[in-house]
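**Q** Sharing a structure here in structure tokens format.
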Ligand SMILES: Cc1cc2nc3c(=O)[nH]c(=O)nc-3n(C[C@H](O)[C@H](O)[C@H](O)COP(=O)(O)O)c2cc1C
């Protein structure tokens with residue numbers, strides 16, 4: 001199983017949803033970056049469940065950071081970030097090996113990695129693994145000091161009125177159901193000319209990390225799929241100065257795989273949470289038939305709100321690696 005990504009800034013995740021801890025090792029972080037514990041608090045808080053309809057699994061999510069000097073500065077050596085899992089309830093998941101959840105990873109993981117593989121809480125394919133990724137994102141943002149990230153939800157359950165988001169999620173939760181959403185991340189102040197024309201295009205590296213987030217089913221840059229309905233004459237981004245500033249930004253800040261100096265704009269589709277409490281049907285291996293399935297455990301009725309900071313972290317990690325390569 002490959003749990004690593006990146007060329008210069010290389011991240012390796014470890015642990016699992018119901019293991020003792022989850023964490024990330026970062027290699028290639030430049031020397032002399034100050035990582036005091038307080039700089040992680042805001043982003044870790046953004047990922048924690050807070051609203052009605054979000055999981056009741058509450059973890060403290062305080063990262064322990066190893067590999068810094070006495071003044072919390074990076075030394076050029078690897079950094080290890082560990083986050084404890086204190087709130088585990090693995091027994092909730094035991095029956096899912098014989099009766100896998102629709103649209104979750106239970107069946108494919110069991111078939112690929114065998115009966116012994118720990119699928120509790122989704123194993124490594126769990127939202128829990130995104131906690132250390134958020135911490136890694138904080139480090140990446142320190143590397144990209146000049147860039148500014150703004151990430152928000154632009155739709156929940158097909159609705160774009162942000163005043164209604166919480167009610168839509170709460171209603172789905174009450175009904176034992178779930179909803180999806182769209183997250184937009186905009187990065188200003190990105191160094192131009194990051195990325196390469198082909199396999200290491202800025203879009204490919206960013207999208208690779210975004211598609212690694214559990215529950216992500218779509219990624220688009222700039223006007224993405226909607227842009228296909230326009231003509232080139234109305235869609236082309238007019239260049240207005242020597243540094244490549246454009247009037248519009250339908251390209252989402254990347255041309256030919258290379259950042260063009262305009263804002264990076266990327267949108268991410270998050271599917272409705274697969275684990276719903278409403279009864280569903282699924283193939284039952286013990287009975288050799290499709291039978292009703294009732295899912296226990298503690299789940300989010302909508303992943304999108306908690307995933308926003310994860311999206312931001314992944315974009316930051318991708319851009320930090322690209323900027324260290326440049
Ligand atoms: C922050 C976050 C929280 C999540 N919480 C849940 C959850 O409570 N229940 C669930 O079934 N899936 C949850 N997921 C999504 C599953 O992990 C994911 O759908 C599953 O691993 C299958 O992978 P896929 O959707 O990418 O195919 C969460 C994902 C993220 C990013």
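Every number here is computed from the coordinates shown, using simple stated rules; none is lab data. Please read these numbers as outputs of a predicted model, since none were measured by experiment. Note: ideal-geometry Cβ built from the backbone for every residue, glycine included; neighbour counts use all protein chains shown.
**Q** Between residue 286 and residue 235, what length in nm is gained on full extension when 0.36 nm per residue of separation is reduced by their alpha carbon distance?
**A** Between residue 286 and residue 235, full extension yields 12.8 nm more.
**Q** Right, something else. Using a ≥ b ≥ c from the Cα gyration tensor of segment 262-326 (square roots of the eigenvalues), is it rounded, prolate or oblate, where a/c under 1.5 gives rounded and otherwise the larger of a/b and b/c decides, a/b for prolate?
**A** Judged from the Cα gyration tensor, segment 262-326 comes out prolate (a/c at least 1.5, a/b above b/c).
**Q** Let me ask something else about it. What FRET efficiency comes out for residue 174 versus residue 87 if R0 is 25 angstrom and r is the Cβ-Cβ distance? Round to the nearest 0.05.
**A** 0.60
**Q** With r as the distance between the Cβ atoms of residue 95 and residue 152 and R0 = 30 Å, compute the FRET efficiency 1/(1 + (r/R0)^6) and round to 0.05.
**A** 0.20
**Q** Quickly work out the residue 60-to-residue 191 label distance, labels modelled 7 Å from Cα along the C-beta direction, and quote it in nm with one decimal.
**A** Once both label points are built, they end up 3.7 nm from each other.
**Q** So between residue 225 and residue 208, what do we pick up on full extension, going 0.36 nm a residue minus the alpha carbon distance?
**A** Between residue 225 and residue 208, full extension yields 4.3 nm more.
**Q** Assuming 0.36 nm per residue, please report the length gained on full extension of the stretch residue 75 to residue 36 beyond their Cα-Cα distance.
**A** Going from the current span to full extension adds 12.7 nm.
**Q** Report, in degrees rounded to the nearest 10, the 0 to 90 angle that the Cα long axis of helix 304-325 makes with the longest principal axis of the chain.
**A** Approximately 40 degrees, to the nearest 10.
**Q** Right, another one. Rounded, prolate or oblate: which fits segment 4-325 when a ≥ b ≥ c are the square roots of the eigenvalues of the alpha-carbon gyration tensor, with rounded for a/c under 1.5 and prolate only if a/b beats b/c?
**A** oblate
**Q** Quick one: compute the contact order of segment 4-325, relative version, from alpha carbon pairs under 8 angstrom and 6+ residues apart, as a percent.
**A** 24 percent
**Q** To the nearest 500 deg cm²/dmol, what mean residue ellipticity at 222 nm is calculated for the chain from DSSP H runs of n ≥ 4 alone, each contributing -39,500 (n - 2.57), summed and divided by the residues?
**A** Value at 222 nm, helices only, nearest 500: -7000 deg cm²/dmol.
**Q** Could you give the angle, 0 to 90 degrees to the nearest 10, between helix 202-211's Cα long axis and the longest principal axis of the Cα atoms of the chain?
**A** That works out to roughly 10 degrees.
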